[in-house]
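Please read the structure below before turning to the comments.
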Ligand code: MN
């Protein structure tokens with residue numbers, strides 16, 4: 001700790017309220033920086049392919065920073081938030097996100113942002129890959145039924161991603177036990193999992209996902225991203241949704 005509690009309380013007694021609050025915040029930030037994050041319960045899985053596997057559409061440096069720093073920070077900060085919450089720490093991430101209203105208020109925003117970030121990025125890495133093929137079979141039939149064609153779905157998805165103001169995600173949301181698919185966008189690290197809805201696929205429209213290569217050209221990134229979608233991974237997710245599951 002930066003300050004002992006007694007020393008802080010003693011010095012705080014003589015301070016104006018604003019300065020006291022700032023000192024307290026600095027002490028808390030100092031603790032978070034100084035202490036390593038707990039090693040669990042949530043873990044950062046390695047990328048399922050090399051960082052340069054998605055080039056030229058997503059560059060290796062973006063992948064390394066996005067996975068190794070941004071995603072790692074969501075996992076570390078989620079574990080920090082849950083450090084004194086054994087009952088919540090024991091929940092599967094899908095259940096934790098569905099039950100945010102039961103999370104104590106003092107950590108609810110941290111769990112929402114970092115738990116959502118962990119879930120979104122875990123999904124994101126696994127639905128991408130080199131030589132991802134094309135949708136087929138039951139997945140293709142569902143896309144045609146809901147959107148008319150793969151191209152129509154991609155256009156609606158890209159439009160929703162471009163319209164999302166500031167940071168956020170665009171998703172194709174599924175319906176457990178049904179072939180109904182919908183395009184939705186969410187701000188920050190929110191996810192349909194917070195409403196108990198499964199995600200078929202999603203794209204990250206935070207600037208950190210594309211800025212090094214595309215700068216402000218989010219629309220170009222959204223268009224290029226379809227080249228790195230791993231359709232067999234998406235088909236497996238569709239099968240799980242059809243089976244009634246809500247998974248990360
Ligand atoms: Mn991201």
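The values are calculated or read from the model by the stated rules, or taken from the named source; none is laboratory data. All of these numbers come straight from a predicted model, not from anything done at the bench. When we count neighbours, we look across all protein chains shown, and the Cβ atoms used for this are built from the backbone with ideal geometry, even at glycine.
Tabulated results
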| item | result |
| --- | --- |
| Test: residue 237 is away from the ligand (no atom under 16 Å from the Cβ) and free of Cβ contacts under 8 Å to residues at least 60 places away in the same chain | no |
| One residue from 80, 69 being at pLDDT 95 or above and farther than 26 Å from residue 127 by Cα | 80 |
| Residue 166 closer than 21 Å to residue 233 by Cβ and assigned to a loop (DSSP other than H, G, I, E, B) | no |
| Candidates 101, 158, 106 - the one that is farther than 30 Å from residue 41 by Cα, more than 17 Å from the chain's Cα centre (by Cα), more than 13 Å from the ligand (Cβ to nearest atom) and modelled with pLDDT of 95 or more | 158 |
